[in-house]
Amino acid sequence: MMERSRILEKLRPEVSAPGQSGRVMTGYYRYLGYREHYDEPNRIARAYAVRSLLLNTYKHIYDHDMILGSVRGFFTAGDDINVSDSDVESGNRLAASFGDRTFGTNSDHAAPDFAAFLRDGIPGTIERINLSRENAQKRGDATGVETLDAMNIAMCAFRDFVLLYAGEAESRAEKLARNDPEASAELSAAAETARKLSLTAPETFREALQLVWFVYIAFCMEGRYAMAFGRLDKFLDPYYQRDRAAGIIDYDGARELVIAALYKIRERRVLFGADDVSNIAIGGLNADGTGGVSETSYIILDAVATMQIPGPNLSLRYYEGIPDDFMDAALRSVGTGLGYPAMMNDAVNIPALLRHGYAKEDVYDYCMVGCIENFIQGKQPPWSDGRYNTPKYLELALNNGVDMLTGASRGPATGDPAEFGSMDDLMDALGKQMRFGAAEYVACFNNLNDGINHARYDQPFLSCFFDDCIGRGRDINEGGTVYPSVHGAAVMGIGTMADSLAAIEKVIFIDRQYDLKTLVLALKADFEGYDGLRAALVAAPKYGNGDPLPDKYARWFVSFQNELFSAYRTRDGGAFYIGIASNTSNIPAGKEIAATPDGRKAGQPLSDAASPSHGSDRNGPVAALRSLSEPDYSLVSCGSVINQKYSPAMFASPAGRAKMRELIKFYFRKGGQEIQINSVSRAVLEDALEHPEAYNDLVVRVSGFSAYYNTLDDAVKFDILARTEHA
Amino acid sequence: MPDNAEAPVSRIQHFSTADGPGIRTTVFLKGCPMRCLWCHNPETQTAEPVLVYYRRACRGCGLCAAVCPNGAHFMTADGLHGYDRSKCGACGRCVRSCTGNALFLSGRLMTAAEVFEDCMKDAELYAAEPGGVTISGGEPALRPEFTAGLASMLKDAGINVILDTAGCVPADNFAVLLPYIDEFYYDIKACDAAELREWTGGDIGLVSSNLVFLKEHGARVRIRVPVVPGLNGGREYAGRLKAYLERLGCGGLPVDLLPFHRFGFAKYEGLGRTNPCPELAPCPQSVIDGMKDVIGPARTPP
Ligand code: SF4
Ligand code: SF4
């Protein structure tokens, strides 16, 4: 585990080199495709644009490539240096006029059906396309014929893309033959692998991995982002087992290959200044009840832990009976400060997906796309999601539909809160506001999505990888897939809402210390002059401490959000899932919200994702996890995120990791959906020393007790820093 | 054993990770006969409840001033927060309203049954990664009724109980505790009467005789040494410790060497007390390793 990797040492400097940049050529090359086919049907023109893109973009080879394929082809290199800037610009403009799908309109965040593609390979897939085209012709399905023609163009272009890489690798190998025979031989082997893939389906681990990687790179070249690998361990392991039995590969060799591929995800950071989020799901149950942890799962986990880059977003699908030593390896990886893998609970996610009527065997092959979004691999159009800012609706319920910050009418008139005689009256008004908000949210999303004419925005290359676009002769977004598109509404602020409702019930309706009218005045005044009321609100029980009052509202929150969004359908009849994950959107979202009844001041961040509000879980991690598993997360089909931080010391020994493992199991037994564990790195501790205000919730766990980092004095902070170096 | 015996509890630490094997909960009681120069938990020394105020975490929100019945918290004209400890009655009301997690009340009076109930919340975890409850302090052996009451309830529930003691209490107390405690974590801070008195105010006669008493009555005992460089740190001191334990017939007991850290320092500030020994330096691992070497690796597990 995390042994030295030779390929990593060789590739790291090559991949990290800034290299050529400057002009982005992808738009120009698409244009070259379009301009030959202006008069043809749009989907055919699009296919030719993809073809031109795949063929013409520069094929970058690293001297130490074992797995070919790089996104450096985005940029100018070699021959195209002669194309003038104004040509590139006008080409870009023309290509752009054809339009593109975006994240909001189902373009990326998808996991292809790699299992099928590896089975058939490129030639087999082309064959399937042709066969299906014949059938479409026979039944007089003109759309089908045209769509399959487009797929055929794209898939043949992909084959040529692979061949061009082979050629480039060969010529680089030749150049290296004299000075670096070892690298040269390795490149020749890679070229040979690529050539073979143009002719047959993959037969070895290396071939399978190379084919997957070419597909991923081609998607990147198309401008897609957050394309997921899905259950990479599951579909690569048979190749690994076969090779191992034949004596042509071992654990270390496979790990080197995985690193040789995945390390290049870092190119995105080097060239574009941002990381890709390419999700890989390892482990997980199979539909036949067997556990999915294979030797390849260990290899992938090890590779990711060794690389130490944020690019591949590794998700571990936890299930009861998962091997302890696999969890131990996962926690070692977490303890490096990398934070991966995130842990996902099959016992929650599988029922969450089965609810939507997907076939059992498809559900058991679920994976994640992007950060945490649950996805049926290879059988759904790409994902989309949006943010639903729930505390805004409490603000509106407390102000008869009027925004407290702007005075604008934002929701229905649900009555003067001074007249609310009970918690039920308030909940009723809140329900109405939220229902209205959900309707508005869904209308906006569906308008955006319907604004696109699907027949004019074909995705011929992407469609080749999704069941059953080829068989049906339909584009991925035009009914090609087995299941319709789903949308995730990321409901923000569960902690803020649970705390606010609990505080209202406690202070206004149980203790009767203040009335609602005063509360509303205080909120509008941002608590200026209302310290006594604010103190009472802050003192009310908070979510994340195992306290029944706020926990009750968290439970309500989840089931109510699910009920709201379940009523809606996407344009092609798919479900609206709810998700409780918001990346860092809780910060900008908080800026738009007046003071809240939990004592939060106007403009402050909302609670983050599914976590309690910052610093309010004061009874330690177990009590927090107990609260966090209270809501029924099988209603949260999209997925959720909670973060907990521990010091690296927790992960340093097998005994410490065993404790963490049991804590995770406990949480998952209780019905937790997801947990991301952060081992707080030295860098974070240093930053927290400089910027204490940003780390109010940072708990350091050392010497068997924990403390809020900010409560420690500098001498102690330095002590911890000194220790962290060793851990 | 009575389960309504009360004791002032400083805090109950769930998922505690260094006070014994497995996943544990550590109960810190208040009140201690010793005053170690290096005390890690000075808030537990006195039995009376006390408010700890971490000035650096304070956000100046002023909510404490709004709730304090005694005016111990106040806001200055220029909006800064001030705290006058002499007015504080340690009622704890301000703690829950604090928006900065800057306030902490050490010393809630709880019955053994209440503490038991709180500990049992994590029973599932003690079983998963075999652990249990550690009763610490302060000096928990100072309250044999409460501690034995809590321990007997835990024992009946099948929960492992460790008692963390420095042994400086009347021998009778251990006689009461003996039947309910699975293992004693027994602090040896010095091995010489004068040193112990000077560094901790403790009486080595009591410490020695209670250790022998436990040993003779077949108790499971683990020696714990807080290692403070400049005082009891170093190879030479390790040799003396070893000889001391051998003299008592306790040469075969396992020894944990616990490096001194400065986590207690901020607490002195939080308590408004003067740190008796601000010059103490944290204990480097090399000192621990050297001492392990002398005492013997077999007896000083990692
Ligand atoms: S503990 Fe009670 S008396 Fe002391 S400052 Fe807080 S509210 Fe005032
Ligand atoms: S309530 Fe806490 S943060 Fe606010 S002024 Fe008092 S001590 Fe400071």
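Calculate how large, on average over all directions, the projected area of the Cα convex hull of the stretch A:111-235 is; give the answer in nm² to one decimal.
8.7
Angle check, please: helix A:423-450 long axis (alpha carbons) against the longest principal axis of chain A (alpha carbons), in degrees 0 to 90, nearest 10.
The helix A:423-450 is inclined about 20 degrees to chain A.
Between their Cα atoms, which of A:Lys10/A:Lys196; A:Lys645/B:Lys87; A:Lys665/B:Lys30; A:Lys234/A:Lys552; A:Lys264/A:Lys665 are more than 30 Å away from each other?
In this structure, A:Lys645/B:Lys87; A:Lys665/B:Lys30; A:Lys234/A:Lys552; A:Lys264/A:Lys665 exceed 30 Å between Cα atoms.
For a footprinting-style exposure proxy, rank B:Thr111, B:Thr26 by other Cβ within 10 Å, fewest first. Intermediate results must be reported in sequence, preceding the final value.
On the way: B:Thr111 18, B:Thr26 24.
Listing B:Thr111, B:Thr26 from fewest to most nearby Cβ atoms yields B:Thr111, B:Thr26.
Select from the stretch A:113-179 those trypsin sites (Lys or Arg not before Pro) which occupy a DSSP coil region and have at most 13 other Cβ atoms within 10 Å, ordered by residue number. Working shown, then result.
Details: sites: A:Arg119, A:Arg128, A:Arg133, A:Lys138, A:Arg139, A:Arg159, A:Arg172, A:Lys175, A:Arg178; in loops: A:Arg139, A:Arg178.
Sparse-neighbourhood loop trypsin sites (Lys or Arg not before Pro): A:Arg139, A:Arg178.
What is the mean number of Cβ atoms from other protein chains located within 10 Å of the Cβ atom of each residue in peptide B:12-22, rounded to a whole number?
That average works out to 6.
Tell me which aspartates and glutamates have Cα within less than 12 Å of A:Lys659's Cα, excluding those fewer than 8 residues away on the same chain?
A:Asp324, A:Asp328, B:Glu129
Give the angle, between 0 and 90 degrees and rounded to the nearest 10, that separates the Cα long axis of helix A:114-138 from the longest principal axis of the Cα atoms of chain A.
Helix A:114-138 and the main axis of chain A meet at about 80 degrees.
At a Cα cut-off below 20 Å, give the aspartates and glutamates reachable from A:Lys601, other chains included and same-chain residues fewer than 8 away excluded.
The qualifying aspartates and glutamates are A:Glu395, A:Asp403, A:Asp499, A:Glu505, A:Asp515, A:Asp526, A:Glu528, A:Asp531, A:Glu592, A:Asp617, A:Glu693, A:Asp697.
Helix A:654-669 versus the longest principal axis of chain A: what angle, 0 to 90°, nearest 10, using Cα atoms?
Orientation of helix A:654-669: about 70 degrees from the principal axis.
Does the stretch A:37-87 come out rounded, prolate or oblate by the C-alpha gyration tensor, with a ≥ b ≥ c the root eigenvalues, rounded set by a/c under 1.5 and, if not, prolate when a/b is larger than b/c and oblate if not?
Because a/c hits 1.5 or more and a/b fails to exceed b/c, the stretch A:37-87 counts as oblate.
Per-residue mean of other chain beta-carbon atoms within 10 angstrom of the beta-carbon, peptide B:56-67? Before the final figure, lay out the partial values.
Numbers: counts 6, 8, 2, 2, 0, 7, 3, 11, 2, 2, 7, 6.
Mean partner shielding for this stretch: 5.
Over all alpha-carbon pairs of the stretch A:384-641, lay out the pair-distance distribution in 10 Å bins, whole %, shortest bin first.
Result, from short to long distances: 7, 29, 32, 17, 9, 4, 1 percent.
Is the shape of the stretch A:160-311 best called rounded, prolate or oblate, per the rule: a/c under 1.5 gives rounded, else a/b larger than b/c gives prolate, else oblate, with a ≥ b ≥ c the square roots of the Cα gyration tensor eigenvalues?
Cα axes put the stretch A:160-311 in the oblate bin.
Rg and Dmax of chain A over Cα atoms: what are they, in angstrom?
For chain A, the Cα radius of gyration and maximum Cα-Cα distance read 27.0, 88 Å.
Please arrange A:Asp424, A:Asp346, A:Asp120, A:Asp475 by counting, for each residue, the other beta carbons lying within 10 Å of its beta carbon, fewest first.
With the sparsest Cβ surroundings first, the list reads A:Asp424, A:Asp120, A:Asp346, A:Asp475.
Please go through the stretch B:1-53 and write out the trypsin sites (Lys or Arg not before Pro) that DSSP classes as loop and that have at most 16 other C-beta atoms within 10 Å.
B:Arg35
State the three equivalent ellipsoid semi-axes of the stretch A:492-645, derived from the C-alpha gyration tensor as the square roots of 5 times its eigenvalues, in descending order and whole Å.
Numbers: eigenvalues 146, 63, 45 Å².
Those come to 27, 18, 15 Å.
As a test of the formula, what do you get for the protein assembly as shown when each DSSP H run with n ≥ 4 contributes -39,500 (n - 2.57) and the sum is divided by the residue count, at 222 nm and rounded to the nearest 500 deg cm²/dmol?
It comes out at -13500 deg cm²/dmol, rounded to the nearest 500.
Can you give the relative contact order of the stretch A:384-641 as a percent, counting alpha carbon pairs under 8 Å and 6+ residues apart?
Worked out over the stretch A:384-641, it gives 23 percent.
How many Cβ atoms of partner chains, on average, are near each residue of A:615-621 if near means within 10 Å of its Cβ?
That works out to 4 on average.
Can you sort B:Met75, A:Met434 from fewest to most other Cβ atoms within 10 Å of each residue's own Cβ? Provide the component values of the computation, followed by the final result.
On the way: B:Met75 16, A:Met434 24.
If I rank by nearby Cβ atoms, fewest first, I get B:Met75, A:Met434.
Between the alpha-carbon centers of the stretch A:567-620 and the stretch B:80-157, tell me the distance in whole angstrom.
Centre-to-centre distance over Cα atoms comes out at 33 Å.
Relative contact order (percent) for the stretch A:1-81, with alpha-carbon contacts under 8 angstrom and 6 or more residues of separation?
Taking the mean separation of contacting Cα pairs over the length of the stretch A:1-81, I get 35 percent.
Distance between Cα centroids, the stretch A:265-283 to the stretch A:117-185: provide it in whole Å.
24
Do you know the relative contact order of chain A, to the nearest whole percent, from alpha carbon pairs under 8 angstrom that are 6+ apart?
Taking the mean separation of contacting Cα pairs over the length of chain A, I get 13 percent.
Only the coordinates and a few stated rules stand behind these numbers; no lab work does. Here the structure is a predicted model, which means the values were calculated and not measured. Positions of Cβ are generated from backbone atoms using ideal geometry, with glycine treated the same way; all protein chains shown enter the neighbour counts.
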